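Reading through the structure tokens given below for one structure.
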Amino acid sequence: MYFPTSAAKQLCTVPGLLDTQQEVVLHIEPSPRRSLFCALTRNELTVWRVRPSAPLAHLKRSQNSLNEHGENLAATWSPDGSRIVIQTTRPYLVLVTVEYRPEVFAYDTPEIAQGVQRNFSAGPGEGQPLQSLSLAFEGVIRTEGRVLSILPCKHHLLFSTSSPPAVQRIPWPAYDDSDSSDHSAKKPFVGYNTWMLNEQEFPWLVDPDVTVTKILQPAPGVEAWLTSDGRAYFVRLQESRYSEDIASGHQNAERGSSRAELSSLSDSFTSSNSEHRYYWQGTCFHDYEVPRWVQKSRQVSNDDSDNRRPIYVEPRRAMQVAVNTRFSLIAIGTFSGAIEFTTFPTLETRPEPRIIEVPNPYNRPQGEVLALQWSSDGYVLAVGWHHGWAVVSIGGRCLASNFGVDNTFDNERFRDVFMHGIRDLFWGPGNFELIVLSRSFPDKSEGQIFVLPFAKSATTSQLSPDNTRYAFLQLDDRALVYRGADQPDMSVINPESDVWQHIKIPLAYLASNWPIRHSALSSDGRLVAVAGRRGLIHYSATSGRWKIFSNPTQEQAFSVKGGLVWFHHVLIAAVEVTKSYQIRLYSRDLELNNQNILHFEEIASPVVILSLVDNSLLVYTMDNMLSHYLIIPTSDSIKLHFCGSITFNGVIGTPSAVRVLSWMIPGAQKQFGDPADDLAVATVLLMVGGQLVLLRPRKSGNQEVKYDLQIFADRIEFCWIHLRGIGALENSLWAYDGQGMRVWLNALSIESSTTMDSPRCVKESVNIPLEFYPLSVLMDKGIIIGAEPELITRTNLPFAMFRQATSSHLFLHHVLRYHIESGQGQEAVQLAAHYQHLVFFAHALEILLHTIVESEVSAESKDDESAKTVLPAVIQFLDHFDVALDVVVGCARKTEVTSWRRLFNVVGNPQHLFELCLATGRLKTAGSYLLVLHNLEQLDENNGGAIRLLRSAIDAQDWQLCRELLRFLHSIDDTGKALGRALTETGLSDEDTCRT
């Protein structure tokens, strides 16, 4: 999914000004659009550009300001990016205005000779000039109590204080422009609100004697609060015109709480406006059980701080929280360093948290969690600890961390100090970079900010079937396509094989359109299309050439919104053009310009996702409508034919949460039906957030099509469906949940549930545990391809290196076992027959037999009679293939000797199998059975079987086998009599024979 790559880039945080000293960076904060970020020290503020990484403005506070208003602690941007609010150590807020000056360049271009300039080209995102901006002090706001957390909103500032414990709200200062001679004239503050934290006004707080230490806004109108006791709440500010409305609303909320989204437990307000009253609703989503001895104790004041701290520090105390609205997931970082995932709470239940395991083989200390942030697409979470960092997927898979590497580096020379701990972090535009702020170290203070580059799967931006058919990674400036599917079988399973094709994206496009937002691969893997901020380009692996717009004006006139898909050589793109929405068709064979658009279709709403199934184009839009188009080639062009649409109102609540779209057509409709009628009979597959959903059609009495919702699984990271396959693999549904691959074979045949309790419990047919992150399933080779990160440190290198290693896993034996255990022997034979040409087919069957034998041995100790019937069925299945004898002996040699009798009681006497191999000329297999006979003590005293096999090997001139047999005879008889008898009887001791 996300893998760190190459090496981190270190930014110099020392201002290039005279009479400036290096200060410790306390905090970094991205702008709302993440194109800028500010770095804060105790007395300075610097605004940086993310790409290219360069400081644009620097502001230093005077010593008088520091003495009067306190030193800097944290900074926050206003929603429009025009202000920065600085939180200080005293009860003041410092406001800094950000003025953008696009006509002024931040840096002067050096004078370079014309011939030399051609040797320099702008990198990704570096095509636009560095536009200047200026920072200026706007003013200072005195607050009632020291500020703990700030949430700038569109029209006001919301912040929490410690003494008194309260939540306060003030509007932004407004200037009166009517008097042009005095621009500093301000309008007075209006609508100042203060809510005191106490049991009367906030009875829904578990412990009212707290302060609010952190305020977040994960969604409009909903906030997340962290309190000083380590609990976390979802809160919402409600408005009522009169106080009696509040009381009646509170009573109604108590009576109808089962229908409310968040529990309406209390109301409280203190407002300067008597006409409008405000109160907070809240519900706790992170709680813990306090020990009894603590429940009897009161909180005490800390003399060194104004904060109140409990005398007991709970290990599950929340230190950081990050809300993932795309997957309805909450990440909580605790005091003990643990990461907990939980879903949104309901009034009926509070979901149990799931502890995320981060591998720590060297048992290093982690410390408390200092930073948490989800990527903008919601797929991964970046975590910063006091002693480390990690990137975790939504399913709980650790994709990268510093805890798995040994300290094989020189601490004096090693400059990547972020490997020792993270203080703050955020994701850059497009999630191709993670900007981190390391902890400060006295001997390494020249640069605390690092930029860590990432490669990510193309499915994170567009999860289409073609993007999952080949492993397809997107980097900052290139695309990686896995070509192992086109290589010999052994190249696929060999981790050392270099089977990735690196496709560099033209810098002429990336310089002004970075970052890449959409990537698409054709069904044969030969055509690639990418789209950045504006326009699009495409590539052919056959010619090795990119095609870009020759007219930059046409390229900058539209942006891709909704995705890209390939239909043979035709690229289908969902685009936005001046607030209108179209589906455009481009040919790979023609130049990119508006005159060569093959066809375009106007649509009324923005496209959420495109999907292609055969020649059917599925378009799902923001108005919750699924439209079906047929792609019809004509004599000289190609066009889209609209077949129909259907609304999902009442079925899907949030259209923007839809990640995957596909459908399955019944066999009768495929063979005999009109493709234009597919929409009425198709079973629609959707992934909504992290839920895998099937919508099954049914017709009501008036022939109107309605859908029955069936939820297959939750917390799914990605999925795909194989519409074509062998046997039950046809219409099979594959999903990855962070731990393993879950497979539903022939999902069309799964019956729809009729009860309300069972839709969430559709058990998969096969569950395949994986030790790496899967990227693709090679259906014709029976292999799952994936990647796992590698972190490399060397004593002679001052930095850490990151790369991803290719891994593979056979899935054939998992599916075969399911068929056999289900009594579907014939289906298992048909499936295996399709793969018997592979060089590792026998190995897959060995794994199958080995797992069955091991499970039966353990079942014998538990007296599980049902499991004992599986092994005979497996042996019966193996008898259909010529490699059965090799599979049995190969499994025996990899199994404990104590399990052999159970195995050969079902397979047959190994002496008989040895004779069968000898009779059919399988000499090497017969040699393996000799070892089995020896360990089972079934060899005759004269070693007649070994001598006969040796004679056959001599006749076949297999001298390698002869040497191995002679070594075997020597090893079983130290006296050498067995070896001498074999040499005599076969004639190898004869001088003429040896010479021959």
Share (percent) of C-alpha pair distances in the range 461-647 greater than 28 Å works out to 24 percent
Interchain or sequence-distant (5+) residues whose placed amide H lies within less than 5 Å of the amide H of Arg659 are Met687, Val688, Gly689
Taking the dipole of the chain about the Cα centre (Lys, Arg +1; Asp, Glu -1; charges at Cβ), the one of Val887, Val829, Thr334 that reaches farthest to the positive side is Thr334
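Given the peptides 925-931, 873-879, arrange them by the average over their residues of other C-beta atoms within 10 Å, most packed first.
By packing density, highest mean first, the sequence is 925-931, 873-879.
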Given Cβ charges of +1 for Lys and Arg and -1 for Asp and Glu, the option among Gly976, Thr920, His934 whose Cα lies farthest towards the positive end of the dipole of the range 909-996 is Thr920
Output ordering of 535-545, 952-962, 226-236 (per-residue mean of other Cβ within 10 Å, highest first) is 226-236, 535-545, 952-962
CD proxy, 222 nm, the chain: helix-only mean residue ellipticity via -39,500 (n - 2.57) per DSSP H run with n ≥ 4, per residue, nearest 500, stands at -5500 deg cm²/dmol
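Go through the range 376-465 and name the GluC sites (Glu not before Pro) that are in a DSSP coil and have 13 or fewer other Cβ atoms within 10 Å of their Cβ.
Values: sites: Glu412, Glu433, Glu446; in loops: Glu412, Glu446.
The qualifying sites are Glu412, Glu446.
Taking the Cβ of each residue in Leu949, Leu237, Leu370 as the centre, tally the other Cβ atoms inside 10 Å and list the residues starting with the fewest.
So the residues, fewest neighbours to most, are Leu237, Leu370, Leu949.
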1/(1 + (r/R0)^6) with r = Cβ-Cβ of Glu821 and Gln217, R0 = 45 Å, i.e. FRET efficiency to nearest 0.05, evaluates to 0.35
Given unit charges at Cβ for Lys, Arg (+) and Asp, Glu (-), the dipole magnitude of the range 811-899 about its Cα centre in debye, nearest 20, is 220 debye
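Over its Cα atoms, what ratio of radius of gyration to 2.2 N^0.38 Å does the range 811-899 give?
Details: Rg = 12.6 Å, N = 89, 2.2 N^0.38 = 12.1 Å.
Normalised Cα radius of gyration, the range 811-899: 1.04.
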The pairs in Lys894/Lys924; Lys9/Lys154; Lys456/Lys504; Lys504/Lys547; Lys561/Lys763; Lys214/Lys561 lying past 24 Å Cα-Cα in this model are Lys9/Lys154; Lys561/Lys763; Lys214/Lys561
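Note the direction-averaged projected area, equal to a quarter of the hull surface, for the Cα convex hull of the chain, in nm².
Dividing the Cα hull surface by four gives the mean projection, 56.2 nm².
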The range 909-996, Kirkwood Rh and Cα Rg, ratio Rg/Rh at 0.95
Those GluC sites (Glu not before Pro) from the range 321-358 that are DSSP loop and have at most 15 other Cβ neighbours within 10 Å turn out to be Glu348, Glu357
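What size of dipole, in debye to the nearest 20, comes out for the chain about its Cα centre when the only charges are +1 on Lys and Arg C-beta atoms and -1 on Asp and Glu C-beta atoms?
Numbers: 88 positive and 110 negative charges, 280 e Å.
Here the size comes out at about 1340 debye.
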HN-Hα couplings for the range 875-880 via Karplus (6.51, -1.76, 1.60; θ = phi - 60°), in whole Hz with x for Gly/Pro, come out as 5, 5, 5, 5, 5, 7
Here P(r) for the range 649-766, Cα-Cα distances in 5 Å bins, as whole percents, is 2, 10, 20, 25, 21, 13, 6, 2, 0, 0
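Averaging sequence separations of C-alpha pairs under 8 Å and six or more residues apart, then dividing by the length of the chain, give the relative contact order as a whole percent.
7 percent
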Here, Gln556 and His155, labelled 7 Å along Cα→Cβ, have an inter-label distance in nm of 3.6 nm
In nm, the gap between the two label points placed 7 Å beyond Cα toward Cβ at Phe441 and Glu937 is 6.3 nm
The range 685-739 and the range 396-474 have their Cα centres apart by a whole-number Å value of 34 Å
Sequence order, the range 553-570: Karplus ³J(HN,Hα) from phi using 6.51 cos²θ - 1.76 cosθ + 1.60, θ = phi - 60°, Hz rounded, Gly and Pro as x, gives 5, 5, 5, 7, 7, 9, 9, 7, 9, x, x, 10, 9, 9, 10, 6, 9, 9
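Length gain on complete extension for the stretch Ser6 to Asn407, per 0.36 nm per residue less the alpha carbon to alpha carbon distance? The partial results should precede the final answer.
Values: separation 401, 0.36 × 401 = 144.36 nm, distance 1.89 nm.
That pair, Ser6 and Asn407, stretches by 142.5 nm at full extension.
Which chymotrypsin sites (Phe, Trp or Tyr not before Pro) from the range 58-108 combine a DSSP loop assignment with at most 13 other Cβ atoms within 10 Å?
Tyr107
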Given Cβ charges of +1 for Lys and Arg and -1 for Asp and Glu, the option among Asn411, Thr869, His569 whose Cα lies farthest towards the positive end of the dipole of the chain is His569
With the 8 Å Cα cutoff and a minimum separation of six or more residues, the range 461-647 has a relative contact order in percent of 12 percent
For Lys579, Lys60, ascending order of other Cβ atoms within 10 Å (fewest first) is Lys579, Lys60
Taking Cα atoms only, helix 977-986 is inclined relative to the longest principal axis of the chain by an angle, in degrees rounded to 10, of 60 degrees
Here the range 1-132 gives, from Cα atoms, an Rg and Dmax in Å of 17.3, 58
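Here, each number is a calculation from the coordinates, and none is a lab measurement. Predicted model, so just to flag it, every value in this text is computed and none were measured. Using ideal geometry, Cβ is built from the backbone for each residue, glycine included, and neighbour counts are taken over all protein chains shown.
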